[in-house]
Amino acid sequence: MRDFTLESARGRFGGLRNGNTGGTPLLALHGWLDNAASFRPMAPALAAHDLVALDMPGHGRSFHYPADAEYSLFSTILDLLAAADALGWERFALLGHSMGGAIGSLLAAAAPDRIERLYLIEALGPLSGSEDTTASRLRDAVTQRRALDGKRKRVFTDPEVAVQARMQTNITALDEVSSRLLIERGIRAVEGGYEWSSDARLTLPTAVRMTEAQVRDALGAIQCPVTMLVADPTPPYFPPGLRDARVACVREIRSVSLPGSHHLHMTHPQETVAALGLS
């Protein structure tokens, strides 16, 4: 895959593209604090597709929101539709890992005329919140957002230190090979060394989450076929009971499982492609 930039009505995206512009359009969306490089291991097995892996807004080499704007699920959906418009894609398939799968689920619900098929890895809809945590979550988000102003990011004297740090900041252990791939697009040179290229605001708690009932209503609005792949063992944020309840909301869905960890698409790319039926 090759580096490319995409000018859209919402901002300039960075990303990777395999160059098969005559293939089936496939937009790949990475997980939280990852970047487009997370799909490099899968790319050789997806050669029949016009594979575009974007750095999501605030990640990798894509644009950051202005200081007076905040990232949200709604705004990211608009960003991705603008990217698809800039690519000239009227209809396309979506491949999403973790956060990318959560946003992809909502995008498919919000713009069903644009999404041909949905392939999800370790996700089906976003994280939800209960009504009785609304006030505490809002207070925490406001406090942490105000405290972030003027705070400097950590500076690494050597990229190797960033690799080790990345291996330790994940839901599940991230192996060294995968960490190195992500670090290539995940840091930038600054005075004194290197810092994360992602927007620090992305590490803040979400001020308002959809309730579980709202998530399930959105999942019920997805019109395209869905294939969902989960790792075994399952991640703590997506226990079997919750997963099965959400699956029951989707009109047409196939759920499959593979032994592995949260980034199984990086550690077991060929098996992931086969399980999703993407080859």
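The values are calculated or read from the model by the stated rules, or taken from the named source; none is laboratory data. Just so you know, these numbers come straight off a predicted model, no measurement behind them. Because the Cβ atoms are built from the backbone with ideal geometry, glycine has one as well, and the counts that use them run over all protein chains shown.
Numbers at a glance
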item	result
Qualifying residue in the range 37-58 (condition: surrounded by fewer than 17 Cβ atoms within 10 Å (Cβ to Cβ), closer than 28 Å to residue 189 by Cβ and touching a residue at least 12 places away in the same chain (Cβ under 8 Å))	no
Selection from the range 185-220 of residues that are loosely packed, with under 15 Cβ neighbours inside 10 Å and more than 25 Å from residue 146 (Cβ to Cβ)	188, 189, 191, 192, 211, 213, 214, 217, 220
Residue count for the range 89-144, restricted to those that are of a type in the set (S, T, N, Q), in a helix (DSSP H, G or I) and under 18 Å from the mean Cα position of the chain (by Cα)	1
Residue in the range 101-112 that is crowded, with 18+ Cβ neighbours inside 10 Å, in contact with a strand residue (DSSP E or B) (Cβ under 9 Å, 6 or more places away or on another chain), of a type in the set (Ser, Thr, Tyr) and more than 20 Å from residue 250 (Cα to Cα) present	no
The range 261-279: number of residues that are buried (at least 16 other Cβ atoms within 10 Å of the Cβ) and touching a residue at least 60 places away in the same chain (Cβ under 8 Å)	12
Test: residue 221 is small (Gly, Ala, Ser) and over 17 Å from the mean Cα position of the chain (by Cα)	yes
Residues of the range 145-167 satisfying the condition of being assigned to a loop (DSSP other than H, G, I, E, B) and either touching a residue at least 60 places away in the same chain (Cβ under 8 Å) or of a type outside the set (A, V, I, L, M, F, W, C) (or both)	149, 150, 151, 152, 153, 154, 157, 158
Unmet criterion (only one of (1) within 20 Å of the chain's Cα centre (by Cα); (2) within 26 Å of residue 75 (Cα to Cα); (3) surrounded by 15 or more Cβ atoms within 10 Å (Cβ to Cβ); (4) of a type in the set (A, V, I, L, M, F, W, C)) for residue 258	(2)
Checklist (1) touching a strand residue (DSSP E or B) at 6+ places or on another chain (Cβ under 8 Å); (2) surrounded by fewer than 22 Cβ atoms within 10 Å (Cβ to Cβ); (3) touching a residue at least 40 places away in the same chain (Cβ under 8 Å) applied to residue 65, failing item	(1)
Filter result for the condition that a residue is farther than 20 Å from residue 107 by Cα and in a loop (DSSP other than H, G, I, E, B), over 57, 66	66
Output for the range 1-12, where each listed residue is in a strand (DSSP E or B), surrounded by 14 or more Cβ atoms within 10 Å (Cβ to Cβ) and free of Cβ contacts under 8 Å to residues at least 60 places away in the same chain	4
Whichever residue in the range 13-40 is assigned to a loop (DSSP other than H, G, I, E, B) and under 16 Å from the mean Cα position of the chain (by Cα) and, among such residues, is nearest to residue 116 (Cα to Cα)	30
Test: residue in the range 193-212 that is touching a residue at least 60 places away in the same chain (Cβ under 8 Å), part of a loop (DSSP other than H, G, I, E, B) and touching a strand residue (DSSP E or B) at 6+ places or on another chain (Cβ under 7 Å)	yes
Some residue of the range 225-244 being at pLDDT 95 or above, over 19 Å from the mean Cα position of the chain (by Cα), assigned to a loop (DSSP other than H, G, I, E, B) and hydrophobic (A, V, I, L, M, F, W, C)	no
Lone qualifier among 108, 36, 45 - being in contact with a helix residue (DSSP H, G or I) (Cβ under 6 Å, 6 or more places away or on another chain) and either modelled with pLDDT of 95 or more or of a type in the set (S, T, N, Q) (or both)	45
